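What follows draws every value from the coordinates through simple rules; no lab data is involved. Everything numeric here is computed off the predicted structure, so don't read it as measured data. Because the Cβ atoms are built from the backbone with ideal geometry, glycine has one as well, and the counts that use them run over all protein chains shown.
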């Protein structure tokens with residue numbers, strides 16, 4: 001499915017489609033001198049993060065219905081992975097639903113609600129998310145999920161064996177040539193556009209939320225969108241397996257990359273996760289948002 005750009009800014013951004021279940025990438029145009037413009041509609045009595053508009057950063061088109069569902073560092077949290085077992089929410093709006101999630105993961109609901117509604121607090125989080133968006137765009141990322149494992153970029157919700165191979169090779173010495181990898185990884189590297197690349201350096205994760213040791217030998221920087229079905233599938237298929245490896249040698253950093261042109265509540269979800277993180281429960285909210293993605297994704301903000 002494709003869409004016509006709605007403005008000159010949209011026309012300047014690249015087109016992208018989900019092919020074979022994984023997002024393809026196209027070159028990202030030069031970034032504007034001013035940061036991307038995010039528009040939120042704040043109200044004193046409701047959540048009030050309305051439509052998010054990212055100017056001249058990303059243009060992504062995909063028919064999600066036909067695709068397979070695919071701050072400072074916070075370490076040593078204990079993520080909950082049973083969040084999908086709780087009863088489904090019957091709330092009709094996003095604010096009520098997110099406040100219900102806060103109660104479910106056991107954080108102070110009043111503080112959480114204030115975090116979502118305070119203008120200055122929201123804008124600080126918008127600034128952080130924009131930094132992550134710009135950081136990813138500078139690397140040529142325009143689809144989710146995309147991972148940078150030290151300096152090795154893996155695009156899409158690839159099988160766990162691919163991640164295991166790349167992680168294991170980083171632990172043993174960080175290869176500098178594609179030929180040092182298996183035929184499966186080499187095939188990803190030779191695809192058009194490539195789904196595996198060796199980058200010049202690592203990603204800055206100093207302002208990301210980290211699970212595992214922030215000084216781990218292998219850092220997995222995940223650029224993700226809470227409303228992305230591919231990201232949901234990757235999380236469901238891989239996060240429990242990956243968490244068994246996290247610690248002093250392997251860590252994962254979450255960088256927010258909401259593609260709001262097709263996922264209008266993705267930025268809202270990112271802010272909710274950051275607010276939960278301020279009470280030490282980022283990963284619990286992370287798990288819950290992905291587990292309940294179909295429940296909150298299309299809810300109105302009020």
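Simple spin-label model, 7 Å along Cα-to-Cβ: residue 192 to residue 110 in nm?
6.1 nm
Three principal axis extents, largest first, for the C-alpha atoms of the range 81-184, in Å?
Principal axes ranked by extent give 53, 34, 23 Å for the Cα atoms.
Starting from the Cα of residue 243, step 7 Å toward the Cβ, then list every residue of the range 255-277 with an amide N under 20 Å from that point.
255-256, 270, 272-277
Distance between the C-alpha centers of the range 89-108 and the range 276-302? Whole Å please.
Rounded to whole Å, the Cα centres lie 8 Å apart.
Ranking 226, 163, 112 by Cβ neighbours within 10 Å, fewest first, what do you get?
Least crowded to most crowded, the residues run 163, 112, 226.
Taking 41 Å as R0, compute the FRET efficiency from the Cβ-Cβ separation of residue 124 and residue 179 and round it to 0.05.
0.35
Calculate the length of the line joining the C-alpha centroid of the range 222-251 to that of the range 197-215, in whole Å.
So the two Cα centres are separated by 14 Å.
Rank these for me by crowding, 176, 235, 192, 209, going from fewest to most other beta carbons within 10 Å.
Fewest-to-most ranking of 176, 235, 192, 209: 192, 176, 209, 235.
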